[in-house]
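Engineer: Have a look at this one before I ask anything.
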Amino acid sequence: MPSQFAAYLRVYEPLAAFDRDRQRFWRRYLDEGRAVGPAEGPGRQRVTVLEALGASWSRLPDLPDEAYVLTTESGALICPWNLRVRVAEAALTARAGVPAILADAFVPPALAGLAQTVVSDFRGGARVLDHGLPRVHEHVATWGVPLRWFLFVDFAEREISVGAGRRLVRYRTEIGKARRRAHQGLAILRRTMGDAPITESVAEGTRWLEEFHPGSIVELDYGGLVHLFNDQALYDDDSPGLVAAGLAALNTGDGEAATDHYERLVDRWREIQLMERYN
């Protein structure tokens, strides 16, 4: 499958974060060597979903339990795909804000009803785990990286490669650091911006991070977006640094500097986002 022009925000959790049945399942999964790498995972997810849904888009089938696996000194960390729930959420999102005739054409009412049931069961307690509510471990953004994601990572945590056959940019950080950055940034935004959309957006991401085990790792992966930048542009990209500098300027009351950092960040990603219209 060709690369999808999408970025990914993932959380990898230790086995202790899952209930006993899931722990046994994931141990078997690891022992059998079934884990999928992030490079081929997005393409496999897409093929799996399309094949399972079929041509009619009138049903929400069971989808296989797969996961990304991160091996650390303290053991394996798991990032489940949760495809069935993610497909259900995507179906409901596709219907939101469009006329009924268009919504029914893209997502038939029968599928929408099943999707609502799946999401309600997942979030409403039908599958509550020993360590809290079920959680979606991976978020996907096409044709760009949501600016709030950069708040969770630091430029020093970047891994970059532009070699043939291995082109990537990703950030990995301990979830405790990601949470601390999120809470600090949210406090600044609430004090300086009030209940602005950007504040609520960061608050939503902060709440999401709180759902996971404290031994987790957060990963921001540029995914297929790396193919839209030349090598020098990838090396020069310091988006997390611009977010941090903008928040620091807001914190000291320097609105002009904060605006400058924000505009530079938006300009950097606008060209990529506009490519969606050309596609």
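The values are calculated or read from the model by the stated rules, or taken from the named source; none is laboratory data. If you're wondering where the values come from, they're calculated on a predicted model, not measured in any experiment. Counting neighbours? That spans all protein chains shown, and the Cβs are built from the backbone with ideal geometry, glycine included. SASA here: full protein model, heavy atoms, side chains in, ligands and nucleic acids out. Shrake-Rupley method; radii C 1.70, N 1.55, O 1.52, S 1.80 Å.
Engineer: Of Leu92, Leu15, Leu83, which has the largest mean-square fluctuation in a 10 Å C-alpha GNM of the chain?
Structural biologist: Among Leu92, Leu15, Leu83, the largest mean-square fluctuation in the Gaussian network model of the chain belongs to Leu92.
Engineer: Share of Cα-Cα pairs in segment 151-259 beyond 23 Å, in percent?
Structural biologist: Working: 2186 of 5886 pairs.
Roughly 37 percent, rounded to a whole number.
Engineer: So what's the angle, to the nearest 10 degrees on a 0 to 90 scale, between helix 197-209 and the longest Cα principal axis of the chain?
Structural biologist: 50
Engineer: So what's the back-of-envelope 222 nm ellipticity for the chain, counting only DSSP H runs of four-plus at -39500 (n - 2.57) apiece and dividing by all residues, rounded to 500?
Structural biologist: On the way: 10 runs with 135 residues, N = 279.
Taken over the chain, the calculation gives -15500 deg cm²/dmol.
Engineer: Summing Lys, Arg as +1 and Asp, Glu as -1, what charge do residues with Cβ under 10 Å from the Cβ of Phe155 carry, Phe155 excluded? Could the numbers behind the result be given before it?
Structural biologist: Numbers: positive: Arg158; negative: Asp154, Glu157, Asp237, Asp238.
For residues surrounding Phe155, the net value is -3.
Engineer: I'd like the projected area of segment 231-279, averaged over all directions, using the convex hull of its alpha carbons. Report it in nm² with one decimal. Could you put the intermediate results ahead of the total?
Structural biologist: Numbers: hull surface 15.6 nm².
In nm², the orientation-averaged hull projection of segment 231-279 is 3.9.
Engineer: Counting only protein heavy atoms, what percent of the accessible surface of the chain is carbon or sulfur at a 1.4 Å probe? Don't skip to the end; give the middle numbers.
Structural biologist: Working: 7470 of 14490 Å².
Looking at the chain in its full context, I get 52 percent from C and S.
Engineer: What does the charge count near Arg268 come to, summing +1 for each Lys or Arg and -1 for each Asp or Glu among other residues with Cβ under 10 Å from its Cβ? Show your work: numbers first, answer last.
Structural biologist: On the way: positive: Arg264, Arg270; negative: Asp236, Asp237, Asp238, Glu263, Asp267, Glu271.
Residues close to Arg268 contribute a combined charge of -4.
Engineer: Further question: Which ³J(HN,Hα) values, rounded to whole Hz and listed in residue order, are derived for segment 139-151 from phi using the Karplus coefficients 6.51, -1.76 and 1.60 in 6.51 cos²θ - 1.76 cosθ + 1.60 with θ = phi - 60°, glycine and proline given as x?
Structural biologist: Each residue's phi maps through the Karplus curve to give 10, 10, 10, 8, 6, x, 10, x, 4, 5, 4, 5, 5 Hz.
Engineer: What's the local net charge at Val11, with K and R +1, D and E -1, over the other residues with C-beta under 9 Å away? The partial results should precede the final answer.
Structural biologist: Working: positive: Arg10, Arg135; negative: Glu13, Glu138, Glu211, Glu219.
Result for the neighbourhood of Val11: -2.
Engineer: Evaluate Rg over Rh across the chain, taking Cα atoms for both radii and Kirkwood's formula for Rh. Please report the intermediate quantities before stating the final value.
Structural biologist: Numbers: Rg = 19.6 Å, Rh = 20.3 Å.
Using only Cα positions, Rg/Rh for the chain is 0.96.
Engineer: Looking at segment 204-247, what % of the alpha carbon pairs are farther apart than 12 Å? It would help to have the intermediate numbers written out before the result.
Structural biologist: Working: 707 of 946 pairs.
The proportion of pairs with Cα distances above 12 Å equals 75 percent.
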